[in-house]
Amino acid sequence: MRRRDVLIGTAGLLAGALPVPRAQAQPVPTLPRDFLWGASTSAYQIEGAVKEGGRKPSIWDTFSHTPGRIADGTTGDVACDHYHRYPEDIGLLTGAGFEAYRFSIAWPRILPDGTGVVNDAGLDFYDRLVDALLAAGVAPWACPYHWDLPQALQDRGGWTNRESADWFADYVRVVVARLGDRVPNWVMLNEPNVHAIFGHAVGIHAPGLTGFPNYVSAQHHMNLAQGRGLVAARAERSGLTLGTVFSLQPIRPASTSEADRAAAARFDAIWNRINLDPLFHGRYPELFAADFEPLVKVGDLAAIQQPVDLLGVNYYGPSYMKDDPGGVLGGTGYGALPPGMPVTALGWPIDPEGLVEVLGDLRSNYGNPVTYVTENGACYDDPAPKDGVVDDPKRAAFIASHLAAAARAIEAGANLKGYFAWSLLDNFEWAEGEAKRFGIVAVDFETQVRTPKTSYRYLKDVIAQHR
Ligand code: FCB
């Protein structure tokens, strides 16, 4: 079933035409006039069409089809069928007034075997998407890698193979050559820290590898890939705005014990500094430098320390860590949350002030780079649609409180220039499957009907008030 001819904007116009109830009286923050408002998605989580247009499997196809890996047994085979329904989804962006859209490009659509022969049909899809975004007045922000490595490359060791840095640079060259004339903003990797930790150390994400050595190797090679990707993009086309995306969070001890404090410091190095220090200072954090040392060849750190025009920060909340001598991540483990700490439906702690802390850290320790929140949002169990709306007051409140935190951070001197909501659509939430929802627009995965939520209407109001 193809829906390429769906008129751009159907859903958005509809959403715009409905009487917009003021969104549950959430406070509207005051952010700068030129603050950029966007929404984010990623390829495997929304596109579906996994066997169309010459695409071959990624590590997430393999992983999601492995029994027991995904909590609700779903896969990304269809997801939001965005591959066919992208015009309707662009209508949802314009319906709320979003000015920018961060999407990812599926490497296995472009180079189905990971390297070698370029698949034009894959590039054509992103051509259509980008052209439709531009026609709708939405600035495209492309991320070449949001965790969907071609399976063929995993078969050659994936990110644990040092050659992966060159595979990635070659791939970046291909997508920038084709789309760089219309896509000004590029963020290289989505959350290499999360991909390294969950995919290569604890194995709950694709490719399902485990152990500290795999983690160190995947993390170093992704850092290197990011550096080589930035160089490749710059060489391919001048004038682009280039950066990358890290998941950053305050890491707090689960108790006041000395052992837990030390564990928190170690996990802070693993979660935050292992990406930030090489990029901005050309070194690995002291606590783990010896673990990386055998992999770091002459010139690697200089190759990673590339200038960036922006840093994307994905912020969801803090982590509370305890000492865990057998724990795969530097002897740390997730500990209990402080009593009374509010959480989302995934049990993630809610702490908007953590965003102020993270941005303060960038200001104090990393030269206050131009920053965008490239993901922020929350998982909640939503009610069924009623009168054309899914009422999600908790998600709207979550977003409102984080926008207020963003405003406080800017007041304190953060170089924060915009906010992208995660996510435009309910989607395939990795190991959680389709049951766990982060969208500001609900998706009925049976019918593919999209229904804006209260949080969408809230953001629409906020954006309108800033224009
Ligand atoms: C981030 C991922 C994104 C989504 C959100 C909830 O870590 O980048 O794909 O899963 O978490």
Residues of the range 125-145 being farther than 16 Å from VAL172 by Cα, assigned to a helix (DSSP H, G or I) and either free of Cβ contacts under 8 Å to residues at least 24 places away in the same chain or not charged (D, E, K, R) (or both), which ones? PHE125, LEU129, VAL130, ALA132, LEU133, LEU134, ALA135
Going by the structure shown, is ARG283 free of Cβ contacts under 8 Å to residues at least 24 places away in the same chain, in contact with an Asp or Glu (Cβ under 6 Å, 6 or more places away or on another chain) and away from the ligand (no atom under 16 Å from the Cβ)? yes
Kindly list, by first and then second residue, each pair from a residue in the range 28-50 that is more than 10 Å from the ligand (Cβ to nearest atom) to a residue that is β-branched (Val, Ile, Thr), limited to pairs with Cβ atoms under 6 Å and residues at least 6 apart or on different chains. VAL28/VAL462; TRP37/ILE463; GLY48/VAL78
Yes/no for ASP381 being within 16 Å of the ligand (Cβ to nearest atom), of a type in the set (Asp, Glu), surrounded by fewer than 20 Cβ atoms within 10 Å (Cβ to Cβ) and over 29 Å from ASP34 (Cα atoms): yes
Going residue by residue through the range 347-363, is there one that turns out to be part of a loop (DSSP other than H, G, I, E, B) and touching a strand residue (DSSP E or B) at 6+ places or on another chain (Cβ under 7 Å)? yes
Could you please find all residues in the range 322-335 being out of contact with any strand residue (DSSP E or B) (no Cβ under 7 Å at 6 or more places or on another chain) and in a loop (DSSP other than H, G, I, E, B)? PRO325, GLY326, GLY330
For the range 384-402, how many residues meet the condition of being more than 16 Å from the ligand (Cβ to nearest atom) and touching a Leu at 6+ places or on another chain (Cβ under 7 Å)? 1
Restricting the range 402-420 to residues that are among the small types (Gly, Ala, Ser) and surrounded by fewer than 19 Cβ atoms within 10 Å (Cβ to Cβ), which is nearest to ASP381 (Cα to Cα)? ALA407
Within the bounds of the range 165-174, is there any residue that is within 16 Å of the ligand (Cβ to nearest atom) and either under 18 Å from ILE59 (Cβ atoms) or among the small types (Gly, Ala, Ser) (or both)? no
Hey, does the range 353-376 have a residue that's more than 16 Å from the ligand (Cβ to nearest atom), without any contact (Cβ under 8 Å) to a residue 24 or more places away in the chain and at positive phi? no
Would you tally the residues in the range 384-395 being surrounded by fewer than 19 Cβ atoms within 10 Å (Cβ to Cβ) and either part of a loop (DSSP other than H, G, I, E, B) or β-branched (Val, Ile, Thr) (or both)? 4
Pick from PHE438, PHE398: which is touching a helix residue (DSSP H, G or I) at 6+ places or on another chain (Cβ under 9 Å) and in a loop (DSSP other than H, G, I, E, B)? PHE438
Please tell me if ASP89 is surrounded by fewer than 21 Cβ atoms within 10 Å (Cβ to Cβ) and either touching a helix residue (DSSP H, G or I) at 6+ places or on another chain (Cβ under 9 Å) or assigned to a helix (DSSP H, G or I) (or both). no
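Values in this text are rule-based calculations from the coordinates and carry no lab data. Only a predicted model underlies this, so the values are computations on that prediction, with no experimental measurement involved. Glycine gets a Cβ as well: all are built from the backbone with ideal geometry, and neighbour counts include every protein chain shown.
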